[in-house]
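Asker: One structure follows; several queries about it will come next.
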Amino acid sequence: MPIQSPAADLVDRLVYANRILYDQNIVDGLGHVSVRHDSVPGAFLLSCNRAPGMVRRQDITVYDYDGNTLSDQKERPYLERFIHGEIYRARPDVVAVVHSHSQSVIPFAITKNALKPVFHMSGFLSEGSAHFEIREAGGNTDMLIRSSYLGEALARSLGQHSCVLMRGHGSTVVGTSLEQAVYRAIYAEVNAKLQLAANGLGEITFLNKEEAQLSSDMNDGQIPRSWNLWIKRLGQVDLDQ
């Protein structure tokens, strides 16, 4: 039986999310963003194996949590689609997931130093970032989350955090909307740059838990403003090309 198609607007927003993340230097030829299917339980939308800055409407594919393709897509899938499926399985509150290798985050991942909110725009990091050590789950690997088993281990490490750092690899952030997940991926990188810069100046005064929560709540109401700007930065976009 053919699976119900996702809403056209959701597909378009996911294409924009890919291109925004590329334009903001969060992803390059690699990295990916997904969103839950709007009407099919246990399914999510993710591009086929395409560079994020080149993702088109026809690339958006429906997968189940085990990483199986449910839509009529002939192109091969991302190797790490299991990141997305297992996080959706473990976290019913999560609506969108971004996995990236943004450069300023990497030093924190390889030193087990958590990202913590240094300014109001990163209040979502209130609890600090979680840390994932792939050796503990899979021994020596190529660092990629190639299976449901490794995806489940990553989801356990993420726990209830909004961001998990992956040693020798990158990071994964989650959100309760596609726009929020994109925002968090962008500002996790910004926070990492600022935190690295401040480390050499003296002791950092991070936002406390209440400040971070109040800031996060405030920023969530402002995300559409940034989202619209990010889309405008892309210029004239043909989502089919």
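Asker: Please verify whether GLU179 is acidic (Asp, Glu), in contact (Cβ under 8 Å) with a residue 40 or more places away in the chain and either outside any strand (DSSP E or B) or crowded, with 21+ Cβ neighbours inside 10 Å (or both), treating the condition exactly as stated. Can you show your working first?
Answerer: Values: acidic (Asp, Glu): yes; in contact (Cβ under 8 Å) with a residue 40 or more places away in the chain: yes; either outside any strand (DSSP E or B) or crowded, with 21+ Cβ neighbours inside 10 Å (or both): yes.
So GLU179 passes the test.
Asker: Part of a loop (DSSP other than H, G, I, E, B), of a type in the set (A, V, I, L, M, F, W, C) and at negative phi - does that describe any residue in the stretch 182-201? Can you show your working first?
Answerer: The initial filter retains those residues of the stretch 182-201 that are part of a loop (DSSP other than H, G, I, E, B), namely 200-201.
Now drop any that are not of a type in the set (A, V, I, L, M, F, W, C), which leaves 201.
Remaining after also requiring at negative phi: 201.
Scanning the stretch 182-201, I find at least one residue that is part of a loop (DSSP other than H, G, I, E, B), of a type in the set (A, V, I, L, M, F, W, C) and at negative phi, so the answer is yes.
Asker: Continuing with this model, one more query. Of the residues that make up the stretch 221-228, is at least one aromatic (Phe, Trp, Tyr), surrounded by 13 or more Cβ atoms within 10 Å (Cβ to Cβ), part of a helix (DSSP H, G or I) and modelled with pLDDT of 95 or more? Steps first, answer last, please.
Answerer: Going residue by residue through the stretch 221-228, those that are aromatic (Phe, Trp, Tyr) are 227.
Applying the additional criterion that residues be surrounded by 13 or more Cβ atoms within 10 Å (Cβ to Cβ) yields 227.
Filter again for part of a helix (DSSP H, G or I), leaving 227.
Right, trim to modelled with pLDDT of 95 or more and you get 227.
Scanning the stretch 221-228 turns up at least one residue that is aromatic (Phe, Trp, Tyr), surrounded by 13 or more Cβ atoms within 10 Å (Cβ to Cβ), part of a helix (DSSP H, G or I) and modelled with pLDDT of 95 or more.
Asker: Moving to a separate point now. Take the stretch 131-163 and flag every residue that is under 18 Å from THR111 (Cα atoms) and in contact with a Phe, Trp or Tyr (Cβ under 6 Å, 6 or more places away or on another chain).
Answerer: Within the stretch 131-163, LEU154, SER157 qualify.
Asker: Let me ask something else about it. List, please: which pairs have Cβ atoms under 9 Å, are six or more places apart or on different chains, and start with a residue in the stretch 46-75 that is without any contact (Cβ under 8 Å) to a residue 12 or more places away in the chain and among the polar types (S, T, N, Q) and end with one that is surrounded by fewer than 19 Cβ atoms within 10 Å (Cβ to Cβ) and not in a helix (DSSP H, G or I)?
Answerer: Short answer, once both residue conditions are applied: THR69/PRO77.
Asker: For the condition out of contact with any helix residue (DSSP H, G or I) (no Cβ under 8 Å at 6 or more places or on another chain) and among the charged types (D, E, K, R), what is the one hit in ARG225, ARG184? Before you say what the answer is, go through the steps one by one.
Answerer: Working: ARG184 fails: out of contact with any helix residue (DSSP H, G or I) (no Cβ under 8 Å at 6 or more places or on another chain).
So the residue among ARG225, ARG184 that is out of contact with any helix residue (DSSP H, G or I) (no Cβ under 8 Å at 6 or more places or on another chain) and among the charged types (D, E, K, R) is ARG225.
Asker: Being surrounded by 14 or more Cβ atoms within 10 Å (Cβ to Cβ) and in a helix (DSSP H, G or I) is the requirement here; does LEU214 meet it? Reasoning before the result, please.
Answerer: On the way: surrounded by 14 or more Cβ atoms within 10 Å (Cβ to Cβ): yes; in a helix (DSSP H, G or I): yes.
Spelling it out, LEU214 is indeed surrounded by 14 or more Cβ atoms within 10 Å (Cβ to Cβ) and in a helix (DSSP H, G or I).
Asker: Right, another one. Quick check: is even one residue across the stretch 53-65 more than 23 Å from TRP230 (Cα to Cα), at pLDDT below 95 and not charged (D, E, K, R)?
Answerer: Applying the first criterion (more than 23 Å from TRP230 (Cα to Cα)) to the stretch 53-65 yields 61-65.
Next cut, at pLDDT below 95 only: none.
No, the stretch 53-65 contains no residue that is more than 23 Å from TRP230 (Cα to Cα), at pLDDT below 95 and not charged (D, E, K, R).
Asker: In addition: If ILE87 satisfies every condition in (1) surrounded by 16 or more Cβ atoms within 10 Å (Cβ to Cβ); (2) farther than 18 Å from SER157 by Cβ; (3) of a type in the set (A, V, I, L, M, F, W, C) but one, which is the exception?
Answerer: Answer for ILE87: the failing condition is (2).
The values are calculated or read from the model by the stated rules, or taken from the named source; none is laboratory data. Just so it is clear, the structure is predicted and the values come from calculations on it, not from any experiment. We place every Cβ from the backbone using ideal geometry, glycine too, and count neighbours over all the protein chains shown.
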